[in-house]
There are 2 protein chains.
Amino acid sequence: MKFHFISHQRLFQVIYSYDIVTGVDLMKSVGIIAEYNPFHNGHLYHLHKSKEVSGAGVVICVMSGNFLQRGEPALISKWYRTRMALEAGSDIVVELPYAFAVQKAEIFAFGAVYLLNALKCDSICFGSESGEVQPFFNTLDYLNKHSETYNDHIKRYVKQGVSYPRALALAYEAVKDGLRNGVDLSKPNNILGYQYIRAAHEINSHIHFFTVKRNKAGHHDQTFHHEKMASATSIRKSLSENPNLDHIAAYVPESTLSALASYVNRYKKLHDWEDYWPYLQYRLLTMSDDELQQVYDAEEGLPYRLKKTAQNAKSFHSFMESAKTKRYTWTRLQRICVHILTNTPKNMMIPAAKKPQYIRLLGMSSAGRDYLNKRKKELELPLISTVSSYPDEWLMLDRKSSQVYAHVLPDPEKSSLVSLEFAQPPIMIGNRP
Amino acid sequence: MKFHFISHQRLFQVIYSYDIVTGVDLMKSVGIIAEYNPFHNGHLYHLHKSKEVSGAGVVICVMSGNFLQRGEPALISKWYRTRMALEAGSDIVVELPYAFAVQKAEIFAFGAVYLLNALKCDSICFGSESGEVQPFFNTLDYLNKHSETYNDHIKRYVKQGVSYPRALALAYEAVKDGLRNGVDLSKPNNILGYQYIRAAHEINSHIHFFTVKRNKAGHHDQTFHHEKMASATSIRKSLSENPNLDHIAAYVPESTLSALASYVNRYKKLHDWEDYWPYLQYRLLTMSDDELQQVYDAEEGLPYRLKKTAQNAKSFHSFMESAKTKRYTWTRLQRICVHILTNTPKNMMIPAAKKPQYIRLLGMSSAGRDYLNKRKKELELPLISTVSSYPDEWLMLDRKSSQVYAHVLPDPEKSSLVSLEFAQPPIMIGNRP
């Protein structure tokens, strides 16, 4: 594999100068919830817009670890994604624990908002199709008032066999007649935004919310449409078809190109579900039905279906194609597959996903360090910078998922990535250009 | 990989002509308990000596499946080993179920003798260092009479932390003063022979026993000493160092050379523990201590040791080197590793290893078929020739272990080997030369 770097004028440089010129409040922080798989120009736009609209000088990013919300391994490790985020302008990167990251929107959002609140973040800025924050509050208010009818509808739809996200959408359609200026919850970023606001309400947080309207690249677009903007999905698709970074260079900052290139140079690959398929298949074929039933989010009847499908499938993709149903969407099924792969049972996941117990610091800029130094006494959870002294069950899920994540690498790259889980101090970057 | 066949005068041909000349009783059968990993000249010698000393015309072989008594994957599948056994002179090959095969000598022997007894076999002929059968009976008799003291000694030694086989040997040493003409139980083949006779006694079988003195190649010899005889261990070692079959051609019949060559041609490899290491390591790193504690034969304290060792080991061999102790011998530990790999818990293995419930026919010669046709009404267990109609827990262990065994092959070879487990009728060979 060979990488070519094209140096060209980037949004990155244009926008970054803005911060330097204007000067911003370095004790004011804005939170971003992200996966950066990989970090692209849309993320960069969102990052800088977040500072602009919030007036914050410090960006705190809550980022999924090695496995992501859609039930996928990240292209590159959380460490390289942390560096990518820092180099592109984040000041503090903390890990959203596995117990919240590999979850449906509701729990994912709860974990992330809980952490930002515990970090005493002043505001959260999320991307949305809506672009206005008031409709989210209107919807929350309305649904809280009509919660009984709304929940009845959800239950009814789930009973009919549709997926949970689809049931939410249908229930919302069914009750929203009296709602004025609500948000369109059929759009994926609006859904997440709504869940962030709902989570803040649930924990009585007074955190401020801002939203930035998503630019033209749709969340799940698989192909490139825009000159400089492309969805992470389309970027991953391009990478899986052709590892030459030239093809994505227009859509990502140089820091992303260099992170991807040095990851491949260091660890010999970008991670893909297909790499894990032999292990998932092996596990499915050797698990008892009882054990499979204990896996988090696996409901009755699923074990038999998955085991039978695994028997003959030749790839992860063909396995998923055969296994998915109306009830088990691709995304939910992928998450269950991650839980099977990491052997994460209900009795470990459910208590772990109640609320975060720690803040795991993955990296910081010098501004981020100054911010944390000044704020550390106010933090509502312990701030963990190395894991070895915290042997509790929460970290175990993260450690185990990192073991599994690294397992597809050749040795000594595998051991070296695993050892970071215990030995890597938070990544520090100095002043950015 | 390239194979060269050297045609040369073989023991095989010399001895085989003997049977044709003398003529033997085709309704009289002799049982052999074997693993044939791979079938070599020592096995051929034993096979023909067994017919000679027993006067039987039919050789019934109970053979381990894809995983063996020492806790290893067989070089080639049970189907190819069955063909090897048939072509070299066996008439009926039945599978020793996983629940008995991957076990210490006592249970291995019990399962095999139970099956031969259920098959109405007239005699069993085993190889031994002793070469005489009477000392085995003397020892059995003596130890039965002194069972209390003997068992107390075993318990005491086990408590002192030595391995079970070592405790048996030490206890025997401690009690055998009054025993005349007993057998030397420090020799590996004598130990197995003693367990066969003991098992027959336990089930009140009147099966006859013969023994053939082992030739010069020691059971565990790793190098070649003799012109035509070599241990299976030394043959495997030679194959793992150099896949060129020329190096082992002097020690095995041509049928073995051709089975090994066509296996590699068909499935692209000879199976080795190192192929399974990534799966074992993955499993160890994702199992909870509780789950590991449930694995058959894993005692308290072992899970922690195994998981910790797996963390840093770079190969199966180095893992084993670090994990073995005085109490957990290499062989016992390897068996536990097979049970971990196949996810075989105590609660499945212990009931399955009580007594065999079926006889699984892997292959037969025309003489074997005639024999079974005439004897089938007397058999004490159902004779299974295809597994699909027997969905019970016993077969499940065998099926699962075959899935795991095939999992290291590339596709489509993997699926093709797995499908044999359900689709392969017993292998038939016609008249031999």
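Filtered by the rule that a residue be closer than 25 Å to B:Q403 by Cα and either open to solvent by 30 Å² or more (accessible area, probe 1.4 Å) or touching a His at 6+ places or on another chain (Cβ under 9 Å) (or both), region B:92-138 gives B:V102, B:K104, B:I107.
State which residue is farthest from A:T329 (Cα to Cα) when the search covers only region A:284-308 and only residues that are in a loop (DSSP other than H, G, I, E, B) and under 26 Å from the mean Cα position of the chain (by Cα). Break it down stepwise before answering.
The first filter runs over region A:284-308 and keeps only residues in a loop (DSSP other than H, G, I, E, B), leaving A:287-288, A:294, A:296-301.
Okay, now just the ones that are also under 26 Å from the mean Cα position of the chain (by Cα), so A:294, A:296-299.
Numbers: A:Q294: 20, A:Y296: 16, A:D297: 12, A:A298: 13, A:E299: 13 Å.
The qualifying residue farthest from A:T329 (Cα to Cα) is A:Q294.
Within region A:245-261, the residues that satisfy the criterion of being assigned to a helix (DSSP H, G or I) and under 22 Å from the mean Cα position of the chain (by Cα) are A:I248, A:Y251, A:E254, A:S255, A:T256, A:L257, A:S258, A:A259, A:L260, A:A261. Of A:I76, A:I60, all but one fail to be β-branched (V, I, T) and part of a loop (DSSP other than H, G, I, E, B); the exception is A:I76. For region B:273-290, a residue qualifies if it is buried (at least 17 other Cβ atoms within 10 Å of the Cβ) and either in contact (Cβ under 8 Å) with a residue 24 or more places away in the chain or of a type in the set (A, V, I, L, M, F, W, C) (or both), and the qualifying residues are B:W273, B:Y276, B:W277, B:Y279, B:L280, B:Q281, B:R283, B:L284, B:L285, B:M287. Checked against (1) within 13 Å of chain A (Cβ to nearest Cβ); (2) farther than 29 Å from B:Q160 by Cα, B:T344 meets all criteria but (2).
Residue-wise test of (1) within 14 Å of chain A (Cβ to nearest Cβ); (2) open to solvent by 50 Å² or more (accessible area, probe 1.4 Å); (3) within 23 Å of B:Y296 (Cβ to Cβ).
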site: B:H339; (1), (2), (3): yes, no, yes
site: B:M364; (1), (2), (3): no, no, no
site: B:K377; (1), (2), (3): no, yes, no
site: B:S385; (1), (2), (3): no, yes, no
site: B:L395; (1), (2), (3): no, no, yes
site: B:H407; (1), (2), (3): yes, no, yes
site: B:L417; (1), (2), (3): yes, no, no
site: B:I429; (1), (2), (3): no, no, no
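Note on region A:55-82: among residues that are touching a strand residue (DSSP E or B) at 6+ places or on another chain (Cβ under 8 Å) and surrounded by fewer than 24 Cβ atoms within 10 Å (Cβ to Cβ), the one that is nearest to A:S365 (Cα to Cα) is A:G57. For A:D275, the stated conditions hold: it is within 14 Å of another protein chain (Cβ to nearest Cβ), assigned to a helix (DSSP H, G or I) and over 20 Å from A:F126 (Cα atoms). Number of residues in region B:226-245 that are surrounded by fewer than 18 Cβ atoms within 10 Å (Cβ to Cβ) and out of contact with any Leu (no Cβ under 9 Å at 6 or more places or on another chain): the value is 7.
With the condition kept exactly as written, say whether any residue in region B:298-309 is of a type in the set (D, E) and at the interface with another protein chain (Cβ under 10 Å from one of its Cβ atoms). There is no residue in region B:298-309 that is of a type in the set (D, E) and at the interface with another protein chain (Cβ under 10 Å from one of its Cβ atoms).
I'd like the full set of residues that are within 14 Å of another protein chain (Cβ to nearest Cβ) and small (G, A, S), limited to region A:310-328.
Hits for region A:310-328 are A:A310, A:A313, A:S315, A:S318.
The values are calculated or read from the model by the stated rules, or taken from the named source; none is laboratory data. This one's a predicted model, so the numbers in the text were calculated from it and none came from an experiment. Because the Cβ atoms are built from the backbone with ideal geometry, glycine has one as well, and the counts that use them run over all protein chains shown. Note: accessible area is taken over every heavy atom of the protein model, side chains too, but ligands, DNA and RNA are not part of it. Shrake-Rupley method; radii C 1.70, N 1.55, O 1.52, S 1.80 Å.
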